[in-house]
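Trainee: Below you will find the structure I want to go over with you.
All of the numbers you see were taken from the coordinates with simple rules; none came from a lab. Computed from a predicted model, the values in this text were never measured in an experiment. No Cβ is skipped: glycine too gets one built from the backbone with ideal geometry, and neighbour counts run over all protein chains shown.
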Amino acid sequence: PAWTLDLLLMPLVGFDEHGGRLGMGGGFYDRCLAYRSWRKKSHKPTLLGLAHECQKVDRLPLASWDIDLQAAVTDRCWHVKRDRTSGEA
C-alpha cells in the first residue's frame, strides 16, 4: 500500500507554490492517495513533484479530491509547499 512508502516522486504537467499539481488528467495519483484525506495522521509518503521551472504557475484550480504535493524540485530549485491562505510555508 502507498502508506508504506517513504517518498513518492510524482511527474506533472504543472504545479504551484501551494502544493497544487496538474497531472495528465487520469486522477491515478489522487485515487491511489485518497486515504490521506480520511487518515489525517498519515503523512506518508512524502509527495515530491518532479518538474521543470517553466511548469510553475501562480495558482492551479483544485478539486476537493486533489492531493497536494509537499514540495516540487525543478531544474533550478526546490519549491516547498506554502499555506494557501496565509502564504506561509
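Trainee: In nm, give the distance between the simple-model label positions of Q70 and D83, each being 7 Å from the Cα along the Cα-to-Cβ direction.
Mentor: It is 1.9 nm.
Trainee: Further question: Report the gain in length on full extension from V57 to W3: 0.36 nm times residue separation, minus Cα-Cα distance, nm rounded to one decimal.
Mentor: Extending this stretch completely gives an extra 16.6 nm.
Trainee: Here is a follow-up. Please report the antiparallel percentage of DSSP beta bridges with both residues in the chain, rounded to the nearest 5.
Mentor: 35
Trainee: Counting only Cα atoms, I'd like the Rg/Rh figure for the chain, Kirkwood definition for Rh.
Mentor: Looking at the chain, the ratio lands at 0.93.
Trainee: Then there's this: Rounded to the nearest 500, what is the 222 nm mean residue ellipticity of the chain from helices alone, with -39500 (n - 2.57) per DSSP H run of 4+ residues and division by all residues?
Mentor: Computed mean residue ellipticity for the chain: -1500 deg cm²/dmol.
Trainee: May I ask for the net charge around M10, where only other residues with Cβ less than 15 Å from the Cβ of M10 are counted and Lys, Arg are +1 while Asp, Glu are -1?
Mentor: +1
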